[in-house]
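> This is the structure I have questions about; it appears just below.
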Amino acid sequence: MPDTTDEDQFRREAVGAFAHELRTPLTSIHMVLELARMQSGDDELCLKGDLPDLLKASVAGLEQLAREIQDLSRLERGLITLQAIPCSLGELLSEGAAAAANDATLTVAPHEPISGTWDHRRLAEAFASLIRATNRAGDGSGEVTARLGIRDRMAIVSFENGTPGREPRPITSDLGFGFFAARALVIAQGGTVTCERSEGFLQITLSLPL
Amino acid sequence: MHILVAEDEAMVSHLLNRVLSAAGHTVTNVGSCREALELLKATGYDLVLLDLHLRDGNGMRVIEAMAEGVVAHRPVVLMTGDFVDADDPRAIRANAILQKPFDLTQLEQAIERCSA
């Protein structure tokens, strides 16, 4: 894991993650087209059965990546005006968990209500990305735990997933591009994101100003 | 051929199953190293199509288990979204490398290389 203050290193990791993730939906699109060719025989290429839906899902994956890299780029250039409104951290987490529900189930540890003024929609999306990243770079069990608190006038959220004794491996190569996009958003709101692995557990921790 | 596909991306895994089944192969899908190793202990596959990034770790664990005799050795086609050159130890230890995205021709060529 690079030093979290090393922005150049993070940028290189983000580009690497983006290039890597781009290849997954492209592979799916190749396969859908091959299946269509098999079904069509000598006819013109024709998408039948569930192939249009599979193609649509693959294209949706590309669109998601395109949105994330565009947002990241615009955030870094100061071209996005954040829509800060009063919101509850618990509600934001619930919305993030709902958006990530296909990939992971979030359990939120009991906590006191915490509210702040943040970009509600974007932060909920960032939470979804961080839940996915925690699961993906953890043990992939689909179970992610979140803990909330307040420290030094900052709201703290930590996501955790893992299995004790799990083999160590580089974290950033597993996080996925969504992590880097979410991190940029949290930083743009005056917060921080760190991640570390210890005793088999991956923990992503973010702070947001109250 | 009886092919074990170890791939954690559900869509890619599903589509590989469809494409390979349509080509006449019998296909079993798993998404983790643990599942792959369990099945390799119990079943005699002709080929393993192995993704480098699996749910619970690096797919190279499966190749290492074969090298150590923990499971029977099988031809392995390693799939990856990373750049892998010919000198990379991962490329040397696998029978063939498929860099994503790949098409059916490349997939068939890799399978043929393993069965030759």
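> Rg and Dmax of region A:1-74, Cα atoms, in Å?
Rg then Dmax for region A:1-74, in Å: 17.3, 57.
> Just the C-alpha atoms of region A:49-127: what Rg/Rh do they give, with Rh taken as the Kirkwood radius? Spell out each step's value before the answer.
On the way: Rg = 15.9 Å, Rh = 14.8 Å.
Taking Rh as the inverse mean 1/r over Cα pairs, Rg/Rh reads 1.07.
> Same structure, new question: Spin-label point model (7 Å from Cα, Cβ direction): what's the A:Ala57 to A:Glu143 distance in nm?
Output for this residue pair reads 2.6 nm.
> A further question on this structure: What angle, in degrees between 0 and 90 and rounded to the nearest 10, separates the Cα long axis of helix A:120-137 from the longest principal axis of the Cα atoms of chain A?
Once rounded, one gets 70 degrees.
> Using only the alpha-carbon atoms, what does the protein assembly as shown span along each of its principal axes? Please give whole angstrom values in decreasing order.
65, 50, 35
> How much length is gained on full extension from A:Thr192 to A:Cys46, taking 0.36 nm per residue of separation minus their Cα-Cα distance?
Between A:Thr192 and A:Cys46, full extension yields 47.7 nm more.
> Here is a further query. Using the Karplus curve 6.51 cos²θ - 1.76 cosθ + 1.60 with θ = phi - 60°, work out ³J(HN,Hα) for each residue of region A:84-91 in order, rounded to whole Hz, and write x for Gly and Pro.
Running phi through 6.51 cos²θ - 1.76 cosθ + 1.60 with θ = phi - 60° gives 6, 9, x, 8, 9, 4, x, 5 Hz.
> What three numbers, in Å, describe the spread of the alpha carbons of region A:1-150 along their principal axes, ordered from the longest?
The Cα atoms of region A:1-150 stretch 65, 35, 32 Å along their principal axes.
> Just the ratio, please: alpha-carbon radius of gyration of region B:1-112 over 2.2 N^0.38 Å, N its number of residues.
Details: Rg = 12.6 Å, N = 112, 2.2 N^0.38 = 13.2 Å.
Cα-based Rg divided by the globular estimate yields 0.96.
> Still on this structure: In whole Å and largest first, what semi-axes does the C-alpha gyration tensor of region A:112-210 yield when each eigenvalue is scaled by 5 and square-rooted?
After scaling each eigenvalue by five and taking roots: 23, 14, 11 Å.
> Calculated FRET efficiency, B:Glu64 and A:Thr107, Cβ-Cβ r, R0 41 Å, to nearest 0.05?
The value I calculate is 0.75.
> Fewest to most neighbouring Cβ within 10 Å: what's the order for B:Val27, B:Val62, A:Val15, B:Val5?
On the way: B:Val27 19, B:Val62 28, A:Val15 13, B:Val5 25.
Going from sparsest to densest Cβ surroundings: A:Val15, B:Val27, B:Val5, B:Val62.
> Could I ask something else about it? With each label point set 7 Å from Cα along the Cα-Cβ vector, what nm distance links A:Gln64 and A:Arg121?
1.9 nm
> In addition: Among A:Thr194, A:Pro113, A:Leu75, which residue has its Cα positioned farthest towards the positive end of the charge dipole of region A:70-210, with +1 placed on the Cβ of Lys and Arg, -1 on the Cβ of Asp and Glu, and the dipole taken about the Cα centre?
A:Leu75
> Compute the label zone of A:Gln83 within region A:116-141: residues whose backbone N is under 14 Å from the point 7 Å along Cα-to-Cβ.
Under cut-off, by backbone N: A:118-125.
> Counting other Cβ atoms within 10 Å of each Cβ, which trypsin sites (Lys or Arg not before Pro) in region A:107-210 have at most 15 and sit in a DSSP loop?
Counting only loop positions with at most 15 other Cβ atoms within 10 Å, the trypsin sites (Lys or Arg not before Pro) in region A:107-210 are A:Arg153.
> Related question: Report the longest stretch of chain A that contains none of the GluC sites (Glu not before Pro) sitting in a DSSP loop with at most 15 other Cβ atoms within 10 Å.
A:45-198
Read the figures in this text as sums done on the coordinates, not as results from a lab. Only a predicted model underlies this, so the values are computations on that prediction, with no experimental measurement involved. Counting neighbours? That spans all protein chains shown, and the Cβs are built from the backbone with ideal geometry, glycine included.
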